[in-house]
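J.: The structure that follows is given in the form of structure tokens.
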Amino acid sequence: MEIKLWGTRGSIPAPGAKTLEFGGNTTCLEILPEAGGRIVIDAGTGMRLLGDQLLESGEPVIFHLLLTHNHWDHLLGLPFFAPVYQEDTEIIVDGWPHAFQALTKVFDNQMGNGFFPVAFDQLKAKIGFLNRVARGPLSLEGVIIDSIPLNHPQGGLGFRLREGENSLVFITDNELGAGHSRRFRDFVLFAKGCNLLIHDAQYLPEEMENHHGWGHSTYEEVVRLAVEARVQRLVLTHHDPGRTDEGVRQLLERARKLAASHGAPDLPIDAAREGSSYHLP
Ligand SMILES: [Zn+2]
Ligand SMILES: [Zn+2]
């Protein structure tokens with residue numbers, strides 16, 4: 001499968017000269033299984049760019065949209081995703097059960113006082129909700145999708161997508177630190193042996209003191225998870241909106257040194273970069 005990163009920023013878009021390298025758009029990933037079809041995870045502002053590219057192809061836009069949770073930065077791209085205004089677009093939404101309702105609220109509420117001039121049911125695309133993946137493994141486009149509840153205010157889901165021998169684990173907006181209902185060990189088991197782990201690493205350890213309970217992890221915790229789960233590649237994402245490109249590079253350098261000190265000097269680690277892609281295996 002191929003994985004394309006359309007948005008890598010956490011919390012709020014962060015455009016500007018200091019975020020050009022890793023990108024300012026919020027979370028959106030496109031997954032293209034070998035067997036065909038398309039799965040998109042999250043509808044952050046990166047989704048606008050994906051929409052423009054899909055329309056250029058001239059083909060009907062048909063895909064499954066998996067939503068991790070219902071915070072703004074993961075939903076706000078949909079009103080600006082041009083294919084929702086096309087009649088031949090079909091989107092089946094799944095993922096965090098409360099996120100579909102939240103998605104409809106990003107639009108107008110039909111009383112003229114919503115957040116956007118167009119109401120959800122005025123969209124020309126067919127958009128349905130399949131409340132399936134939170135209740136057990138879901139098979140889509142030859143890909144088996146499992147989910148895991150996250151440590152995040154108001155909740156959320158992480159996903160593992162398997163196609164044949166290959167698997168991607170995508171977990172954003174998750175606090176790995178101690179003291180939460182979902183234990184570190186559960187995430188190790190969930191990510192065990194995957195080809196690619198993409199995980200929220202919004203904070204440096206020294207920033208965590210003021211951010212306990214915000215639902216995000218440090219690169220230290222994420223590196224430990226990757227090493228213990230023996231993943232083949234790690235990508236750090238949900239960059240803090242205040243983190244400049246230089247800051248992301250420093251965080252990445254520290255993460256790589258830490259992996260080496262944990263006995264995993266060969267573990268490839270990247271910082272998620274808007275516009276980049278990975279191919280499994
Ligand atoms: Zn977020
Ligand atoms: Zn969130």
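J.: Can you list the HN-Hα couplings for region 165-174, worked out from phi with the Karplus curve (6.51, -1.76, 1.60; θ = phi - 60°), rounded to whole Hz and with x for Gly and Pro?
T.: Result, rounded to whole Hz: 7, 9, 8, 10, 10, 10, 9, 10, 6, 9.
J.: With 5 Å bins from zero, work out the P(r) of region 16-123 over every alpha carbon pair and list the percent per bin.
T.: 2, 12, 21, 25, 20, 12, 6, 2, 0
J.: Taking only the alpha carbons of the chain, what extent do you get along each of the three principal axes, in Å, biggest first?
T.: Ordered largest first, the chain gives principal extents of 54, 39, 36 Å.
J.: Going Cα to Cα from K126, which lysines come in below 21 Å? Please leave out same-chain ones fewer than 8 positions away.
T.: In chain and number order, the partners are K105.
J.: If you don't mind, another one. Can you send over the carbon and sulfur percentage of the accessible area for the chain, probe radius 1.4 Å, protein chains only?
T.: Carbon and sulfur: 51 percent of the exposed surface of the chain.
J.: When only C-alpha pairs under 8 Å and at least 6 residues apart count, what is the relative contact order of the chain, in percent?
T.: Details: 682 pairs, mean separation 53.2, N = 281.
Computed over the chain, the figure is 19 percent.
J.: Give, to the nearest whole percent, the P(r) tail of region 185-281 beyond 16 angstrom, counting all Cα pairs.
T.: Counting pairs separated by more than 16 Å, the tail of P(r) holds 53 percent.
J.: Each residue of region 25-36 in turn: what ³J(HN,Hα) in whole Hz from Karplus with 6.51, -1.76, 1.60 and θ = phi - 60°, glycine and Pro shown as x?
T.: Karplus-based 3J(HN,Hα) across region 25-36 equals 7, 7, 3, 7, 10, 10, 10, 10, x, 4, 6, x Hz.
J.: Let me ask something additional. Probe of 1.4 angstrom, ligands and nucleic acids ignored: what's the accessible area per residue over region 2-279, in square angstrom? All intermediate terms of the calculation are to be shown ahead of the outcome.
T.: Numbers: 12070 Å² over 278 residues.
Heavy-atom SASA per residue in region 2-279 reads 43 Å².
J.: If packing is taken as the average count of other Cβ atoms within 10 Å, what order do 66-77, 209-220 fall into, highest mean first? Don't skip to the answer; put the middle values down first.
T.: Working: 66-77: 24.3, 209-220: 17.9.
Final packing ranking: 66-77, 209-220.
J.: Starting from the exponent 0.38 and prefactor 2.2 Å, build the expected Rg for region 102-220 from its residue count and divide its actual Cα Rg by it.
T.: Dividing the Cα radius of gyration by 2.2 N^0.38 Å gives 1.31.
J.: Could you please state, rounded to a whole Å, how far the C-alpha centre of region 1-33 is from the C-alpha centre of region 233-257?
T.: Using only Cα atoms to place each centre, the spacing works out to 13 Å.
J.: A further question follows. In deg cm²/dmol and to the nearest 500, what is the mean residue ellipticity at 222 nm of the chain if only DSSP H runs of at least 4 residues count, each as -39500 (n - 2.57), divided by the residue total? Numbers along the way, then the final one.
T.: Working: 5 runs with 52 residues, N = 281.
One gets -5500 deg cm²/dmol as the mean residue ellipticity at 222 nm.
The values are calculated or read from the model by the stated rules, or taken from the named source; none is laboratory data. None of the values given here were measured: they were computed from a predicted structure. Note: ideal-geometry Cβ built from the backbone for every residue, glycine included; neighbour counts use all protein chains shown. For the accessible areas, the whole protein counts, side chains as well, though only heavy atoms, and no ligand, DNA or RNA atoms are used. Shrake-Rupley method; radii C 1.70, N 1.55, O 1.52, S 1.80 Å.
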